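The values are calculated or read from the model by the stated rules, or taken from the named source; none is laboratory data. If you're wondering where the values come from, they're calculated on a predicted model, not measured in any experiment. Here the Cβ positions follow ideal geometry from the backbone for every residue, glycine too, while neighbour counts run over all protein chains shown. In case anyone asks, the SASA skips ligands and DNA or RNA and just uses the protein heavy atoms, side chains included. Shrake-Rupley method; radii C 1.70, N 1.55, O 1.52, S 1.80 Å.
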Amino acid sequence: VEELRSKGYEPYAYKWNRSHAASQLQEIYSNLANGKECKEVSVSIAGRIVARRAFGKLAFLTIRDDSGTIQLYCEKESLTEDQFEQLKTFVDIGDILGASGSIKRTEKGELSVHVKYFEILTKSLLPLPDKYHGLTDIDKRYRQSCFGATVMFFVPLAPNSFKILHSSAIVSKIRKTMESLGFIEVETPVLQGAAGGADARPFVTYHNSLGRDLYLRIATELHLKRMLVGGLEKVFEIGRIFRNEGISTRHNPEFTTIEMYEAYSDYQSMMNMAEEIVTRCALVVHGKLNIEYQGTAISLQRPWRKETMHNLVKEATGVDFSEFGNNVEDAKEVAKGMLGIGSEDKDNNLVQTCPSVGHVLNEVFETIVEPTLIQPTFVLDYPVEISPLAKPHRRYAGLTERFELFICGREIANAFSELTDPMDQRNRFQEQIEQHNKKRAALVTGSKSAEGKTEVDDCSYEVSLDEDFLTSLEYGMPPASGMGLGIDRLVMLLTNSASIRDVIAFPILKIQQQVSS
């Protein structure tokens with residue numbers, strides 16, 4: 001960089017006027033014969049150098065932009081003496097270059113820009129990863145995501161190199177699908193006065209001017225429902241959600257969802273919507289509905305399987321939890337036997353603190369049944385105790401009109417016939433708060449984990465009534481259905497990604513420890 005500047009060259013340009021992208025030139029001149037040149041044409045291109053070969057008075061560079069690659073044919077006779085020397089001395093793989101010239105196809109059939117002029121637009125100070133082995137340090141790839149993006153677009157590294165591009169295409173298709181069905185896209189607050197719409201630990205921040213705590217949203221649900229109260233009938237939001245919980249291959253503290261609400265419909269409508277969204281996105285990525293995920297064949301052909309939570313647990317265990325009635329203690333004992341949990345096991349508290357048979361049923365379902373739901377399956381009619389925002393089932397007491405969609409053992413979507421009775425909603429919220437506080441009290445054991453955290457940490461947050469939401473319900477919300485769908489998990493499925501970190505450009509990571517010398 002210093003030597004370039006000493007010779008009067010600026011290694012960090014302000015702009016470059018491009019006439020074409022690489023893919024456009026490849027398409028426009030696809031029929032140009034080998035050895036032919038369009039001397040009357042002048043084009044301008046820019047991109048990062050990903051390959052470089054020099055032979056005396058001739059040099060070949062391959063540059064890549066976000067549409068593809070094209071070769072630069074650099075001949076000493078076509079450049080000034082200074083430019084050709086600059087090319088040989090200062091231009092390296094990784095540099096971002098702007099070049100202009102005519103179009104030719106070499107005798108070997110490579111479409112090229114016959115360069116008459118070029119500029120170094122950005123001088124790269126670090127070498128790109130090895131072209132053939134790529135960025136093999138996985139932690140470095142996640143941690144230095146800007147570096148990973150460079151790798152993704154400019155070096156042919158791995159089968160997953162364009163997953164972020166697929167993610168963009170999937171989000172675009174979801175948005176177009178919703179708009180084609182008459183839904184209006186809206187935005188709701190990220191900072192909220194009460195963390196509602198899900199049972200999850202929120203991130204807490206403090207607003208200096210207002211002198212109060214605020215929460216990063218854990219769902220967009222409650223504000224979107226207020227839109228229905230206000231008169232909008234079909235709304236959706238694609239946005240970031242924040243949950244202060246664990247990190248795994250399936251979980252990141254911030255992730256992207258779409259939530260949608262439709263007045264005058266029930267949860268059957270949302271099953272159709274889920275099928276429509278997933279199949280349209282699959283066709284965008286794969287062009288077909290039979291795909292593979294981590295070595296397992298998945299058929300997205302409609303219609304998808306529908307079965308109740310009770311029946312799935314009964315099929316897997318032989319136990320019908322509806323027979324326990326309200327006898328939660330017997331349900332707990334049976335569940336601990338199924339799960340192989342002893343009184344000293346660390347998982348004993350998970351079952352022992354369940355306040356109802358519905359909660360016990362859910363623990364058994366998540367542990368035994370959920371991993372087996374490989375093909376698309378709608379799990380229907382969840383217990384009311386674990387579904388505080390869903391409408392009571394119109395035929396079966398104690399259940400709600402709720403489903404979750406599972407594919408490859410993972411929850412992809414969650415939907416309800418929405419609860420519109422403000423008194424019932426208030427009672428359920430109050431019961432949820434009581435259950436949460438009881439669980440907090442029961443889990444205070446004083447035991448410390450390796451990280452120095454108590455077992456109560458996951459339940460240590462406060463849960464409060466969202467009075468503004470309850471007030472809006474009292475004005476009257478029309479009958480409606482709603483669904484939340486995890487976009488990152490859908491992208492994982494459709495791009496055959498084992499970890500959610502592979503489809504998020506900048507995933508949260510642990511602090512890198514500095515090693516002292």
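Out of curiosity, is Asn17 over 15 Å from Gly98 (Cα atoms), in contact with a strand residue (DSSP E or B) (Cβ under 7 Å, 6 or more places away or on another chain) and polar (S, T, N, Q)? For Asn17, the condition - over 15 Å from Gly98 (Cα atoms), in contact with a strand residue (DSSP E or B) (Cβ under 7 Å, 6 or more places away or on another chain) and polar (S, T, N, Q) - is not met.
Out of all the residues in the range 191-199, is one or more of a type outside the set (Gly, Ala, Ser), assigned to a loop (DSSP other than H, G, I, E, B) and in contact (Cβ under 8 Å) with a residue 12 or more places away in the chain? Taking every residue of the range 191-199 in turn, at least one turns out to be of a type outside the set (Gly, Ala, Ser), assigned to a loop (DSSP other than H, G, I, E, B) and in contact (Cβ under 8 Å) with a residue 12 or more places away in the chain. Taking the criterion of being assigned to a loop (DSSP other than H, G, I, E, B), among the hydroxyl-bearing types (Ser, Thr, Tyr) and over 22 Å from Arg394 (Cβ atoms), would at least one residue in the range 292-302 satisfy it? Taking every residue of the range 292-302 in turn, none turns out to be assigned to a loop (DSSP other than H, G, I, E, B), among the hydroxyl-bearing types (Ser, Thr, Tyr) and over 22 Å from Arg394 (Cβ atoms). May I ask you to list the residues in the range 179-188 that are part of a loop (DSSP other than H, G, I, E, B) and open to solvent by 60 Å² or more (accessible area, probe 1.4 Å)? Matches in the range 179-188: Leu181, Glu187.
Taken over the range 202-225, the residue count meeting the criterion of being surrounded by fewer than 19 Cβ atoms within 10 Å (Cβ to Cβ) and in contact (Cβ under 8 Å) with a residue 40 or more places away in the chain is 2. The condition of being surrounded by fewer than 21 Cβ atoms within 10 Å (Cβ to Cβ), at negative phi and of a type in the set (Gly, Ala, Ser) holds for only one of Gly325, Gly358, Gly337, that being Gly337. Taking the criterion of being of a type in the set (D, E, K, R) and either over 41 Å from the mean Cα position of the chain (by Cα) or at positive phi (or both), the residues of the range 69-126 that qualify are Glu75, Lys76, Glu77, Glu81, Asp82, Glu85, Lys88, Lys104, Arg105, Glu107, Lys108, Lys116. Within the range 57-91, if we keep just the residues that are part of a loop (DSSP other than H, G, I, E, B) and touching a helix residue (DSSP H, G or I) at 6+ places or on another chain (Cβ under 8 Å), the residue that is most open to solvent (accessible area, probe 1.4 Å) turns out to be Lys57. Among the residues of this structure, Met260 does not count as one that is at pLDDT 95 or above, open to solvent by less than 60 Å² (accessible area, probe 1.4 Å), assigned to a helix (DSSP H, G or I) and of a type in the set (A, V, I, L, M).
Scanning for something modelled with pLDDT of 90 or more, more than 22 Å from Ile504 (Cα to Cα) and out of contact with any helix residue (DSSP H, G or I) (no Cβ under 6 Å at 6 or more places or on another chain), does the range 164-179 turn up at least one residue? Taking every residue of the range 164-179 in turn, at least one turns out to be modelled with pLDDT of 90 or more, more than 22 Å from Ile504 (Cα to Cα) and out of contact with any helix residue (DSSP H, G or I) (no Cβ under 6 Å at 6 or more places or on another chain).
The single residue among Lys314, Lys332 that is open to solvent by less than 70 Å² (accessible area, probe 1.4 Å), more than 24 Å from Thr495 (Cβ to Cβ) and part of a helix (DSSP H, G or I) turns out to be Lys332.
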